[in-house]
Amino acid sequence: MYRVKHRRWKIAQFAERWWWKIYISKKDPSQYRQWKQGYWLNVLQKIGYQKDDFYGRIADIGCGPNGIFQLFEKSHQISLIDPLLDAYMLYDTFNKPSKSQLFSMQIEDFGGKIDHEFVFCFNAINHMLDMQKALQKMVKILSKNGTLILSCDVHNWYLLHQIFRFIPGDVLHPHQITKKEMDSLLTHHGLTIKQCRQLNKKPIFSEYVWICTKSEA
């Protein structure tokens, strides 16, 4: 259920690359970076955080060309992990963090043993080939007292959820999931959900953010 066919995932990755290329080409790089930083500060505020609340090493999983890593690019050690990172680095809007390690690969294949105090995964988990394995790797790179902050679009309607699972009406997202399924997936992989907040609601999907820590043994 949480691993899609490789062909479907490759089509989604191709569509993702194409979408970002068209979208970014219409933006002024400096203005867009400034807007995006304001966007991420607003997201943190909605979930009860400020930029200064974060410390130690940070990972941005599925970071895209302008992920939340932008807020910390001069102040933190950052790991960027995204299978399309090589393409995103060519965009004028992309600023390589000065204290960073870049991995153009799937998180499922990541073999690093670095511990991170904070792992971010915004709107990326349902883009991945294998959600189960991806979460396993996120938990693995999370420090003992670390925090995973993950967001995902989930279905508002059961019937549409079932239809979208079998008919690719949402080509960018190979996985279609409900909030209940995501709750279960996170706890199944040894995470304790500290809070879950709705960021926005649209006719078909709602975006939620989960803030999780490793469950105590």
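Residue check: is ASN145 among the polar types (S, T, N, Q) and more than 16 Å from PHE54 (Cα to Cα)? Against the criterion (among the polar types (S, T, N, Q) and more than 16 Å from PHE54 (Cα to Cα)), ASN145 does not qualify.
Conditions (1) without any contact (Cβ under 8 Å) to a residue 24 or more places away in the chain; (2) closer than 22 Å to ILE11 by Cα, marked per residue:
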residue: ASN95; (1), (2): no, no
residue: SER98; (1), (2): no, no
residue: ILE107; (1), (2): no, yes
residue: GLY111; (1), (2): yes, no
residue: ILE114; (1), (2): no, no
residue: VAL119; (1), (2): no, no
residue: PHE122; (1), (2): no, yes
residue: LEU129; (1), (2): no, yes
residue: CYS152; (1), (2): no, yes
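In the set (1) assigned to a helix (DSSP H, G or I); (2) in contact with an Asp or Glu (Cβ under 6 Å, 6 or more places away or on another chain), the condition left unmet by CYS63 is number (1). Pairs are defined by a Cβ separation below 6 Å, a sequence spacing of at least 6 or placement on different chains, a first member in region 1-23 that is part of a loop (DSSP other than H, G, I, E, B), and a second member that is polar (S, T, N, Q); the pairs so defined are TYR2/GLN132.
Residues of region 185-217 that are free of Cβ contacts under 8 Å to residues at least 60 places away in the same chain and polar (S, T, N, Q): THR187, THR192, GLN198, ASN200, SER206, SER215. For region 80-103, a tally of residues being touching a helix residue (DSSP H, G or I) at 6+ places or on another chain (Cβ under 9 Å) and either under 20 Å from CYS152 (Cα atoms) or among the hydroxyl-bearing types (Ser, Thr, Tyr) (or both) returns 9. Scanning region 30-61 for residues that are in contact (Cβ under 8 Å) with a residue 40 or more places away in the chain, open to solvent by less than 20 Å² (accessible area, probe 1.4 Å) and over 14 Å from GLU117 (Cβ atoms) yields a total of 4.
The values are calculated or read from the model by the stated rules, or taken from the named source; none is laboratory data. No experiment lies behind these values; they were computed from the predicted model shown. No Cβ is skipped: glycine too gets one built from the backbone with ideal geometry, and neighbour counts run over all protein chains shown. Protein only, heavy atoms only, side chains kept; ligands, DNA and RNA dropped before computing areas. Shrake-Rupley method; radii C 1.70, N 1.55, O 1.52, S 1.80 Å.
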